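*Asks:* Got a structure for you, questions after.
Bear in mind that the values in this text are calculations on the coordinates, not laboratory data. This is a predicted model, so every value here is computed, not measured. Every residue, glycine as well, gets a Cβ built from its backbone with ideal geometry; the counts of neighbours run over all protein chains shown.
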Amino acid sequence: MNRRRFLQQSSALALGAAAGIASPVAFAAPPANPARKRVLRAAHLTDIHVRPDQPDLQHPAAGMAEAIRHAQAQAERPDLLLFGGDCIGDALYTPKDEVLAQWDVWNRVFSTEVKTPAKLCLGNHDIYGWAHKDRAAAERDPAYGKTLAVERLGMKDLYYSFDQSGWHFVVLDSMQPDYATDHHYIARLDEAQFAWLAHDLAATAPATPICVLSHIPIFSAAALFDGPRERGADWVVPGAWMHIDARRIKDLFRQHPNVKVCLSGHLHMEDDVTYLGVRYLCNGAVCGGWWKGKHQEFGPTYALVDFYDDGSVENTFVRYRGE
Ligand SMILES: [Zn+2]
């Protein structure tokens, strides 16, 4: 009897002995389907937060270039780059001239380095002026809000969908203004976007697997560890950390079992949570801890996401700076 066979038989015996008790096997991840075929490889690069060099930062522009080059130099090269938002350092709080300088760095590195089809998603820090002290003045500027970011990112729409290699991709805009909170935004879909999403999912063939890309996680475990979230006897997670309308979105996904995976960033942390058949992957940050090393346990990273024809994905974190 070889070792594997022995282990199989012993676990069968153990199961028999534990009859009536839920078997640990029932909780194991389903084995990968050996007949599945990879149809697409994407690199998910989120939270780059690029800005001009400063003495206390580890060369953001060079780092952004390094991450893109590293992804494109993979032996099995990605067919698609997914940029997950928070492209620049910050525009929510930052004066206009500095914001423009940040976008100049983004546009220069992006146009020099990106040699692969790319899709982009908006992040909260890409939005101009929502948290400015003199918001009334910022509001008079035509760049206010999402306008400047959309222009610099060359996005036609704030949210959209596309098909590639047998998968359907949905890109969401997570941020709505909420000036009453400390963060000046909240993560949710407005009514028009939610209606659009419901229609888009319904219009997708049930056999076509769906991937949803958002900047802010729809659902996340890491959000519980992002800052001191314990308040006395309660866990308290801000609606700016994770979609406050997660329950509504989860209920919508329940009507469409072909929604398989949701990719996000925002937290600069990594997790992998499967809930009701949907895999929620929070894929770290290209800048790690805002170009000052790690954020908690997580160094500068991007993720390689392999999409298979059976609706499964493999997600691999790549520490492109070796940290
Ligand atoms: Zn963010």
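*Asks:* Would you give the gap between the C-alpha center of the stretch 170-219 and the C-alpha center of the stretch 304-319, rounded to a whole Å?
*Replies:* 22
*Asks:* In whole Hz, what ³J(HN,Hα) sequence does the stretch 248-262 give by Karplus (6.51, -1.76, 1.60; θ = phi - 60°), x for Gly and Pro?
*Replies:* Running phi through 6.51 cos²θ - 1.76 cosθ + 1.60 with θ = phi - 60° gives 5, 5, 4, 5, 5, 4, 4, 7, 9, x, 7, 6, 10, 8, 10 Hz.
*Asks:* Something else now. Taking the simple approach of a point 7 Å from Cα along Cα-to-Cβ for both Gln74 and Val39, what is their distance in nm?
*Replies:* Roughly 1.8 nm, to one decimal.
*Asks:* Using Cα-Cα distances under 8 Å and only pairs 6 or more residues apart, what relative contact order does the chain have, in percent?
*Replies:* Relative contact order here is 19 percent.
*Asks:* Between the helical axis of 191-202 and the dominant principal axis of the chain, each derived from Cα atoms, what acute angle in degrees is found, rounded to the nearest 10?
*Replies:* With both axes taken from Cα atoms, the answer is about 40 degrees.
*Asks:* Give me a comma-separated list of calculated 3J(HN,Hα) values for the stretch 135-144, in order, Karplus coefficients 6.51, -1.76, 1.60 applied at θ = phi - 60°, integers in Hz, x for any Gly or Pro.
*Replies:* Using θ = phi - 60°, the values come out as 5, 4, 5, 4, 5, 6, 7, x, 6, 3 Hz.
*Asks:* So how do 146-158, 62-74 stack up, highest first, on mean other-Cβ count within 10 Å?
*Replies:* Packing proxy ranking, top to bottom: 62-74, 146-158.
*Asks:* Taking amide H atoms as placed 1.01 Å from N in the peptide plane, list the residues 5 or more away in sequence, or in a different chain, whose amide H sits under 5 Å from that of Ile218.
*Replies:* His243
*Asks:* Sticking with this one: Could you list which residues have their amide H under 5 Å from that of Val39, counting only those 5 or more apart in sequence or on another chain, with H placed in the peptide plane?
*Replies:* Those qualifying (amide H under 5 Å, at least 5 residues apart or on another chain) are Phe307, Tyr308, Asp309.
*Asks:* Work the Kirkwood hydrodynamic radius out for the chain: mean of 1/r over every pair of different alpha-carbon atoms, inverted, in Å.
*Replies:* 20.9
*Asks:* Using the Karplus curve 6.51 cos²θ - 1.76 cosθ + 1.60 with θ = phi - 60°, what ³J(HN,Hα) values do you get for each residue of the stretch 109-118, in whole Hz, with x for Gly and Pro?
*Replies:* 5, 4, 6, 6, 9, 7, 10, 9, x, 10
*Asks:* If you average the alpha carbon positions of the stretch 134-158 and of the stretch 39-62, how far apart do those two centres end up, in angstrom?
*Replies:* So the two Cα centres are separated by 22 Å.
*Asks:* Right, here's the next one. Would you grab the residues whose amide H sits under 5 Å from the one on Ala240? Only those 5+ places off in sequence or on another chain, please, with H modelled 1.01 Å from N.
*Replies:* Counting only residues 5 or more places away or on other chains, the set is Ala187.
*Asks:* Can you tell me the Rg and the Dmax, both Å, for the Cα atoms in the stretch 204-257?
*Replies:* When restricted to Cα atoms, the stretch 204-257 yields Rg and Dmax of 14.2, 47 Å.
*Asks:* Distance cut-off 25 Å, Cα to Cα: go down the list Lys115/Lys156; Lys115/Lys294; Lys96/Lys146; Lys260/Lys292; Lys37/Lys119 and report the pairs above it.
*Replies:* Too far apart for the 25 Å limit: Lys115/Lys294; Lys260/Lys292.
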